[in-house]
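Inspection log for the structure reproduced underneath, given as structure tokens.
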Amino acid sequence: MTLDGIPFRTMDGETQTLRGDYDGKLVMIVNVASRCGLAPQYETLERLQREYGDRGFQVIGFPSNQFLQELRSNDAIIEFCSKTYGISFPVLDRIRVNGRQEHPLYTELKKTPDASGKAGRVTWNFEKFLVTPDREVIRFRPHTEPDDPAVISALEANLPG
């Protein structure tokens, strides 16, 4: 199955795909966790969403408790994101990003190497995958801030249109 057709669920249980719901957009997929020390990246992700959203950019957050730092329920996650950071981008259903029960979307995303040439496991929360409208993937590790010059350069170079 191609990256475009892999189904994932919203917190409301609706099924989405990149092709069906984000076709033609530049998408940043991020595994998020509310209790992580990197959670302030939510603020920067929201700023990027507001700044570039009308130009075909979309942030998508996938909560994961893989590193034992996510809240227990979808309702608690949404409340945290809304009240703490005013998040407007979609935060989807919780998933696993590594291991035998990892989500197929992450199985495909993790095949992409980072800037140092290393592919494989997601190393921590807030790993970012920039998926271009042509469905090429550019990977940024967790400690790379969402507004790092390398991220912004890749974002601006791949905006649709």
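For the reader, a short list of remarks on this structure follows.
- Hits in region 75-96 - residues which are in contact with a Pro (Cβ under 6 Å, 6 or more places away or on another chain) and not basic (K, R): I77
- Selection from region 57-84 of residues that are β-branched (V, I, T) and closer than 19 Å to P142 by Cα: V59, I60
- Checking each residue in region 77-108 for being without any contact (Cβ under 8 Å) to a residue 12 or more places away in the chain and small (G, A, S) picks out only S82.
- Within region 73-123, the set of residues being outside any helix (DSSP H, G or I), surrounded by 18 or more Cβ atoms within 10 Å (Cβ to Cβ) and hydrophobic (A, V, I, L, M, F, W, C) comprises I87, F89, V91, L92, I95, V97, V122.
- Subset of region 7-41 [touching a helix residue (DSSP H, G or I) at 6+ places or on another chain (Cβ under 7 Å) and surrounded by fewer than 18 Cβ atoms within 10 Å (Cβ to Cβ)]: M11, T17, R19
- Boolean, T44 is surrounded by 13 or more Cβ atoms within 10 Å (Cβ to Cβ) and more than 22 Å from L159 (Cβ to Cβ): no
- For region 26-80, the set of residues classified as at pLDDT below 95 and touching a strand residue (DSSP E or B) at 6+ places or on another chain (Cβ under 7 Å) consists of I78 only.
- For region 1-44, residues that are under 12 Å from L105 (Cβ atoms), in a loop (DSSP other than H, G, I, E, B) and touching a residue at least 12 places away in the same chain (Cβ under 8 Å) total 4.
- Taking the criterion of being closer than 17 Å to F57 by Cα, surrounded by fewer than 17 Cβ atoms within 10 Å (Cβ to Cβ) and of a type outside the set (D, E, K, R), the residues of region 134-153 that qualify are P149, A150, I152, S153.
- Complete set of residues in region 123-135 that are within 22 Å of G161 (Cα to Cα) and in contact with a Leu (Cβ under 9 Å, 6 or more places away or on another chain): F129, L130, V131, T132, P133, R135
- Enumeration of residues in region 124-161 that are part of a strand (DSSP E or B), among the charged types (D, E, K, R) and in contact (Cβ under 8 Å) with a residue 60 or more places away in the chain: K128
The values are calculated or read from the model by the stated rules, or taken from the named source; none is laboratory data. Remember, it's a predicted structure, so these values are computed and weren't measured experimentally. A quick note on method: Cβ atoms are made from the backbone with ideal geometry, for glycine too, and the neighbour counts reach across all protein chains shown.
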